[in-house]
Amino acid sequence: MNADAEGHSAAVVPAQPQEGSPAADDFVPSALGTREHWDAVYERELRTFQEYGDTGEIWFGEESMNRLIRWMQKHKIPLDAAVLDIGTGNGVFLVELVKHGFSNITGIDYSPSAIKLSASILEKEGLSNINLKVEDFLNLSTKLSGFHVCVDKGTYDAISLNPDNAVEKRKQYVMSLSRVLEGKGFFLITSCNWTKAELLDAFSEGFELFEELPTPKFSFGGRSGNSVAALVFQKKETSLDKVS
């Protein structure tokens, strides 16, 4: 696993897109986009946790979690608001949410080993009031809906690397997000594969940019930029949302 721009290990290796529209299939397929890869990763991390108590990687580092929680506090997200962590992995972000007072939290991941690891870590922390579900976000088997906040730190990136028609999977991701997020709810995404402009394009249907979160900058050859994009989208309210 490579270190990200914040000096921490990141679970997704950035791929360089070709010039042109982000809607094109412009990423080189990778094992990082497959369930088999993440099953193996979390099986290994589960064994490591059981043997040594090591919780494993924090996607994009601790500062990425703090950045999201600071935003939620700044905008006075109610502590009992329904929060969904998409691709929760080891569930460390869920622990941080609880430590900051949030009480209505759900973590999903398509890897059973990830959910087992999350459950083990939560048990060690003495936390039992967090919902954990084995769920493929692209093919939800249960009626997840009504979330006020959805969080993604690297899951959309991993989907973008799937060898099996990643373009369609990204479209399905947006549809699933529309399904689970309530009208005027917030979607917080951190990505190392996509720029702000590309994410704006990807989530243009049904969502609008609410805020760009500050991330560390780098300079090279007289130019500066960000290797991580962190955006907050708000879902546009539809007539169906108003009825529900």
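Overview of results
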quantity	calculated
From the options Ser204, Ser128, residue that is of a type in the set (S, T, N, Q) and either modelled with pLDDT of 95 or more or crowded, with 16+ Cβ neighbours inside 10 Å (or both)	Ser204
Residue selected from region 61-105 under the condition touching a strand residue (DSSP E or B) at 6+ places or on another chain (Cβ under 8 Å) and among the hydroxyl-bearing types (Ser, Thr, Tyr), by the criterion farthest from Glu135 (Cα to Cα)	Ser64
Options Phe60, Phe102, Phe93: the member that is at pLDDT below 80 and either open to solvent by less than 60 Å² (accessible area, probe 1.4 Å) or acidic (Asp, Glu) (or both)	Phe60
Matching residues in region 207-244 - criterion: being β-branched (Val, Ile, Thr) and either at pLDDT 90 or above or closer than 26 Å to Gly154 by Cα (or both)	Thr215, Val228, Val232
Failed item, numbered, when Asp85 is tested on (1) at pLDDT 95 or above; (2) in a loop (DSSP other than H, G, I, E, B); (3) among the acidic types (Asp, Glu); (4) under 17 Å from the mean Cα position of the chain (by Cα)	(2)
Number of the exception - Ala114 against (1) assigned to a loop (DSSP other than H, G, I, E, B); (2) under 30 Å from Glu51 (Cβ atoms); (3) open to solvent by less than 10 Å² (accessible area, probe 1.4 Å)	(1)
Boolean, Lys169 is surrounded by 13 or more Cβ atoms within 10 Å (Cβ to Cβ), within 20 Å of Thr195 (Cβ to Cβ) and without any contact (Cβ under 8 Å) to a residue 40 or more places away in the chain	yes
Subset of region 175-200 [more than 26 Å from Glu63 (Cα to Cα) and part of a helix (DSSP H, G or I)]	Met175, Ser176, Ser178, Arg179, Val180
Search result, residues across region 138-152 that are out of contact with any Leu (no Cβ under 6 Å at 6 or more places or on another chain), of a type outside the set (Asp, Glu) and either crowded, with 24+ Cβ neighbours inside 10 Å or in a strand (DSSP E or B) (or both)	His148, Val149
Scan of region 175-192 for residues that are closer than 14 Å to Tyr156 by Cβ and in contact with a helix residue (DSSP H, G or I) (Cβ under 7 Å, 6 or more places away or on another chain), ordered by number	Phe187, Leu188, Ile189, Thr190, Ser191, Cys192
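The values are calculated or read from the model by the stated rules, or taken from the named source; none is laboratory data. Nothing here was measured: the structure is a model prediction, and the numbers come from that model. Here Cβ is always computed from backbone atoms with ideal geometry, including for glycine, and neighbour counts include all displayed protein chains. Only protein heavy atoms, including side chains, enter the accessible area calculation; ligands, DNA and RNA are left aside. Shrake-Rupley method; radii C 1.70, N 1.55, O 1.52, S 1.80 Å.
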